[in-house]
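The values are calculated or read from the model by the stated rules, or taken from the named source; none is laboratory data. Bear in mind that the values here come from a model prediction, so they are computed numbers and not experimental data. Cβ placement follows ideal geometry from the backbone for every residue including glycine, while neighbour counts extend to all protein chains displayed. The area values use the complete protein model at the heavy-atom level, side chains included, leaving out ligands, DNA and RNA. Shrake-Rupley method; radii C 1.70, N 1.55, O 1.52, S 1.80 Å.
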Amino acid sequence: MNSAATGSQVKTKHKSVSYDKYGYFFILPFFIVFAIFGAYPIYFTFRTALTDAVGWDMINNNHIIGFGNFAQFFDPSSAVYPRFWGALVNTLIIWIPNFVAQLGLALILASWFTDSRMHLKFQGGFKVMIFMPNIITAATVAMLFFSLFNYPIAPINTLMQSIGVLSSPFEFFRSTEWSRGIISFIQWWMWVGNTMIIMIAGISGINPSLFEAALVDGCSSRQTFWKITLPLIKPILVYNLVTSLVGGLTMFDIPQLMTQGNPNNTTDTVVRFIYNQGFTGSFNFNTASAASMILFVIIIIGSIIIKWVLSDHDDKPAKAKKGV
């Protein structure tokens with residue numbers, strides 16, 4: 001042994017164990033499911049949009065014809081041009097009012113339920129009642145509201161006649177404004193609770209010390225909301241906006257079950273147009289697929305715009321020059 005050593009030193013080498021690889025096994029099921037039910041259907045839809053596939057034998061009997069199916073959606077003289085873009089306008093008219101009201105009310109309720117200064121009683125019960133419409137199936141909700149507003153004998157007609165608002169039964173579903181308004185209200189009623197719960201989760205994730213500091217500084221609830229809460233839940237707002245955009249532009253079940261696009265196709269949505277092209281009449285799967293891909297691109301562009309608008313655009317500090 002070396003005499004210069006002050007004592008025997010035993011060096012124990014610990015074999016490092018890396019667990020990083022196991023993370024890939026946990027996320028692998030997601031990628032497998034997405035590849036089967038997400039990526040491949042998108043590819044198949046795009047390929048079908050490039051063919052002359054018509055009828056149920058589209059897999060074996062189709063030929064690539066290029067982008068002709070897409071071109072007809074931008075040709076004002078084609079038959080699908082007014083129907084597709086008209087359906088898109090209908091979808092936006094129904095979606096935008098219900099989403100603005102949905103987001104506004106969800107923010108207000110979330111701020112109330114998370115504000116320690118308000119001391120709201122029976123919070124759990126209110127949350128359950130507001131969220132409950134979201135767990136009811138769309139078919140059930142559609143039939144419920146159809147029964148309420150039906151003609152000539154229905155609860156709403158009977159009530160409005162009994163209080164003198166109407167002198168005779170009114171056909172709500174023959175009115176464009178009422179049909180769109182009822183569908184928009186249903187969408188708001190069903191999803192405001194879900195949006196509220198997500199907002200509450202986002203606000204609950206903010207550091208409580210920030211709210212305590214605002215309370216000590218004498219900030220009002222309104223100031224706290226605008227200066228602390230709203231800026232810090234921007235990621236949650238982006239999530240809600242994007243998911244609502246996807247859900248709104250793919251609206252199908254309520255209009256299909258209640259109005260079938262009537263009156264005069266004013267409640268016809270983009271997905272109803274796609275459904276009618278692909279699964280009724282001549283089964284034009286090529287046209288339906290092209291419309292699906294156009295809608296897919298519109299959603300992507302809309303999501304990018306939402307992300308850009310709500311992201312911070314502050315100028316980044318200039319990098320320090322070398323030698324300075």
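Would you pick out the residues in segment 35-87 that are closer than 10 Å to F285 by Cα and hydroxyl-bearing (S, T, Y)? Reasoning before the result, please.
So the first thing to find is which residues in segment 35-87 are closer than 10 Å to F285 by Cα, and the list is 45, 48-49, 51-56, 58.
Within segment 35-87, T45, T48, T51 qualify.
Among the residues of segment 124-152, what is the count of those that are exposed (fewer than 14 other Cβ atoms within 10 Å of the Cβ) and closer than 30 Å to C219 by Cα?
The number of residues fulfilling the criteria is 2.
For segment 199-218, which positions are surrounded by fewer than 18 Cβ atoms within 10 Å (Cβ to Cβ) and in contact with a helix residue (DSSP H, G or I) (Cβ under 6 Å, 6 or more places away or on another chain)?
Of the residues in segment 199-218, the ones surrounded by fewer than 18 Cβ atoms within 10 Å (Cβ to Cβ) are 201, 204-210, 212-213, 215-218.
I206, L210 - these are the residues of segment 199-218 that are surrounded by fewer than 18 Cβ atoms within 10 Å (Cβ to Cβ) and in contact with a helix residue (DSSP H, G or I) (Cβ under 6 Å, 6 or more places away or on another chain).
So which pairs qualify, if the first residue must be in segment 71-83 and in a helix (DSSP H, G or I), the second must be among the charged types (D, E, K, R), the Cβ gap must be under 8 Å, and the two must be at least 6 apart or on different chains?
The qualifying pairs are Y81/D75; R83/D268.
For D312, indicate whether it is assigned to a loop (DSSP other than H, G, I, E, B) and modelled with pLDDT under 90.
Working: assigned to a loop (DSSP other than H, G, I, E, B): yes; modelled with pLDDT under 90: yes.
Yes; evaluated as a whole, the condition is true for this residue.
Restricting to segment 153-173, give me the number of residues that are small (G, A, S), open to solvent by 50 Å² or more (accessible area, probe 1.4 Å) and not in a helix (DSSP H, G or I).
So the first thing to find is which residues in segment 153-173 are small (G, A, S), and the list is 154, 162, 164, 167-168.
If we keep only those that are open to solvent by 50 Å² or more (accessible area, probe 1.4 Å) too, we end up with 162, 164, 167-168.
Pick out the ones that are also not in a helix (DSSP H, G or I) and you get 164, 167-168.
Total meeting the criteria: 3.
Condition check ((1) touching a residue at least 24 places away in the same chain (Cβ under 8 Å); (2) touching a Pro at 6+ places or on another chain (Cβ under 7 Å); (3) closer than 14 Å to I203 by Cβ; (4) in a helix (DSSP H, G or I)) across all residues:
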| position | (1), (2), (3), (4) |
| --- | --- |
| W95 | yes, no, no, yes |
| V100 | no, no, no, yes |
| W112 | no, no, yes, yes |
| I130 | yes, no, no, yes |
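Can you pull out every residue in segment 248-280 that is open to solvent by 40 Å² or more (accessible area, probe 1.4 Å) and under 28 Å from I304 (Cβ atoms)?
Result: T250, F252, D253, Y275.
Go through segment 132-152 and give me each residue that's more than 18 Å from I200 (Cα to Cα), part of a helix (DSSP H, G or I) and in contact (Cβ under 8 Å) with a residue 12 or more places away in the chain.
Once the filter is applied, which keeps residues that are more than 18 Å from I200 (Cα to Cα), part of a helix (DSSP H, G or I) and in contact (Cβ under 8 Å) with a residue 12 or more places away in the chain, segment 132-152 yields A138, A139, V141, A142, M143, F145, F146.
Hey, which of the helices (runs of 4 or more DSSP H) in segment 181-274, taking only ones fully inside, have at least 1 residues that are within 26 Å of G125 (Cβ to Cβ)?
On the way: elements: 208-216, 221-224, 234-249, 253-258.
Because the criterion is at least 1 residues that are within 26 Å of G125 (Cβ to Cβ), the helices (runs of 4 or more DSSP H) in segment 181-274 that meet it are 208-216, 221-224, 234-249.
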